[in-house]
């Protein structure tokens, strides 16, 4: 077995560490070692986006990132979106606009939409579709996902502190 | 889908990376963004015993202008290229190309240097670099050398990079003001490789073509510069006849591999169509 690495990073604001083989993918460390099962394993081939998490201010597919690459990183998963028991504006908007059916893609959708709105607080529909193109949903046809992101953007613009 | 076992190294400097690569030899692979290499490792198409992660080497990042040349660190990501006002204003062809690579998540990780070093004819930067007449700085134990993009790509996954060398910098001569540009890419879906794609830089003099650079993605085992098509356009107006002739000449050098994206005849025809569209789009953006 390859030499193990003790990798320390920040997960949803808390310091965490894991002793991992270099080949361990971030999604496995999150789900199986750290109990953060919000990010889902979909295709495992960096196509579907279900495993999307935020890492150092970037949306990444955690099935195609090695945990050892995340030493010292600031990782945010869907578990880190709510604040004091209240849903994030994006989560609330996905609920209100029916932006999900089976829900499997939703954690990835939320984390990608989170970063998209950080970079572009009032995206056009075309910008949302382009910016979310790395996340597949097989249920909704995307219409309500786009509506949810637009709705969250409006709410966050009205109340920026909620971001 | 777990990659095979390997040892991981994260050098902090280029010098350290070069000596690691020299000492570990061909058992080692360089890790850039990892979005070509890690999928290949999961499939056991690549099984390196060592990965040397270039991610912590600050000297390999960044974009700057240096007397008429855009200088890009090899570990600069697609997202950084897209976010760069310098790239958008000085070499808009590069921004247009990068915007069509993969998807947002992949563009945060994928790097221009990784895309080029991989030697995959389906990657988009090789044709962009051919059209732009870029130069690549390669660093190894014997020092640095510069290789032109034209001639760098030898075949499928094969480039001029020696096993102990690292692509460290991409140097792009900034096109003259008034140069038109376009990257036209046909793909089945977001994230797919091109069925066919064409990069064009175009300078006009009045209504005639002064100079055209045309390069093709995924049309052969390497990206191709369509020199016969370029020559045929020189001095001509860009009309239906000259566009058809340029497309015909571009198609005449295509040797695409048949796959799920299409058979040889379809891919060749699409290369012709992308060439026609890229020339027209570049014409619309060119000064006279």
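Which members of segment A:58-78 meet the condition of being at the interface with chain B (Cβ under 9 Å from one of its Cβ atoms) and part of a loop (DSSP other than H, G, I, E, B)?
Hits for segment A:58-78 are A:63, A:64, A:65, A:71.
Quick check on residue B:148: is it under 23 Å from residue B:67 (Cβ atoms) and surrounded by fewer than 24 Cβ atoms within 10 Å (Cβ to Cβ)?
So residue B:148 fits the description; yes.
Quick one: which residue in B:86, B:94 is more than 14 Å from chain A (Cβ to nearest Cβ), in contact (Cβ under 8 Å) with a residue 40 or more places away in the chain and either part of a helix (DSSP H, G or I) or more than 21 Å from residue A:126 (Cα to Cα) (or both)?
None of the other options fit; the residue is B:94.
Taking segment B:82-91 as the region of interest, how many residues are crowded, with 18+ Cβ neighbours inside 10 Å and under 15 Å from residue B:132 (Cα atoms)?
Final tally of qualifying residues: 3.
In this structure, is residue B:106 modelled with pLDDT of 95 or more, assigned by TED's automatic domain parsing to the domain that holds residue B:153 and closer than 30 Å to residue A:47 by Cβ?
Spelling it out, residue B:106 is indeed modelled with pLDDT of 95 or more, assigned by TED's automatic domain parsing to the domain that holds residue B:153 and closer than 30 Å to residue A:47 by Cβ.
Out of curiosity, is residue A:119 at pLDDT 95 or above, more than 22 Å from residue A:37 (Cα to Cα) and away from chain B (no Cβ under 13 Å)?
Answer is no for this residue.
State the number of residues belonging to segment B:108-145 that are assigned to a loop (DSSP other than H, G, I, E, B) and either within 14 Å of chain A (Cβ to nearest Cβ) or more than 8 Å from the chain's Cα centre (by Cα) (or both).
So the count comes out to 9.
Among the candidates B:265, B:246, B:269, B:241, which residue alone is outside any strand (DSSP E or B), touching a helix residue (DSSP H, G or I) at 6+ places or on another chain (Cβ under 8 Å) and farther than 18 Å from residue B:193 by Cβ?
B:246
If I ask for residues that are part of a loop (DSSP other than H, G, I, E, B), farther than 22 Å from residue B:104 by Cα and in contact (Cβ under 8 Å) with a residue 24 or more places away in the chain, which ones from segment A:13-51 would you list?
A:13, A:22, A:23, A:24, A:36 - these are the residues of segment A:13-51 that are part of a loop (DSSP other than H, G, I, E, B), farther than 22 Å from residue B:104 by Cα and in contact (Cβ under 8 Å) with a residue 24 or more places away in the chain.
I need a count of the residues in segment B:7-45 that are within 12 Å of another protein chain (Cβ to nearest Cβ) and either in contact with a helix residue (DSSP H, G or I) (Cβ under 8 Å, 6 or more places away or on another chain) or at pLDDT below 95 (or both).
10
Within segment B:189-205, identify whether any single residue is surrounded by fewer than 17 Cβ atoms within 10 Å (Cβ to Cβ) and at pLDDT below 95, and answer yes or no.
So far as segment B:189-205 goes, yes, one or more of its residues are surrounded by fewer than 17 Cβ atoms within 10 Å (Cβ to Cβ) and at pLDDT below 95.
Inspect segment A:119-131 for any residue being under 26 Å from residue A:31 (Cα atoms) and not assigned by TED's automatic domain parsing to the domain that holds residue A:31 and give the result as yes or no.
Yes, segment A:119-131 contains a residue that is under 26 Å from residue A:31 (Cα atoms) and not assigned by TED's automatic domain parsing to the domain that holds residue A:31.
Sort out which residues of segment B:224-238 are touching a strand residue (DSSP E or B) at 6+ places or on another chain (Cβ under 7 Å) and either under 25 Å from residue B:116 (Cα atoms) or assigned to a loop (DSSP other than H, G, I, E, B) (or both), and write them in order of number.
B:224, B:225, B:226, B:229, B:230, B:234, B:235, B:236, B:238
Is it the case, given these coordinates, that residue B:99 is at pLDDT 95 or above and at the interface with chain A (Cβ under 10 Å from one of its Cβ atoms)?
yes
Report whether or not residue B:63 is more than 14 Å from the chain's Cα centre (by Cα), in the same structural domain as residue B:147 (by TED's automatic domain parsing), buried (at least 20 other Cβ atoms within 10 Å of the Cβ) and under 16 Å from residue B:174 (Cβ atoms).
yes
Within segment A:84-109, how many residues turn out to be in contact (Cβ under 8 Å) with a residue 24 or more places away in the chain and more than 17 Å from residue A:143 (Cβ to Cβ)?
So the count comes out to 6.
Hey, can you tell me all the residues within segment A:19-53 that are more than 7 Å from every other protein chain (Cβ to nearest Cβ), over 27 Å from residue B:28 (Cα atoms) and crowded, with 23+ Cβ neighbours inside 10 Å?
Matches in segment A:19-53: A:30, A:39, A:48, A:50, A:51, A:53.
The values are calculated or read from the model by the stated rules, or taken from the named source; none is laboratory data. Quantities reported herein were computed from a predicted structural model and do not represent experimental measurements. No Cβ is skipped: glycine too gets one built from the backbone with ideal geometry, and neighbour counts run over all protein chains shown.
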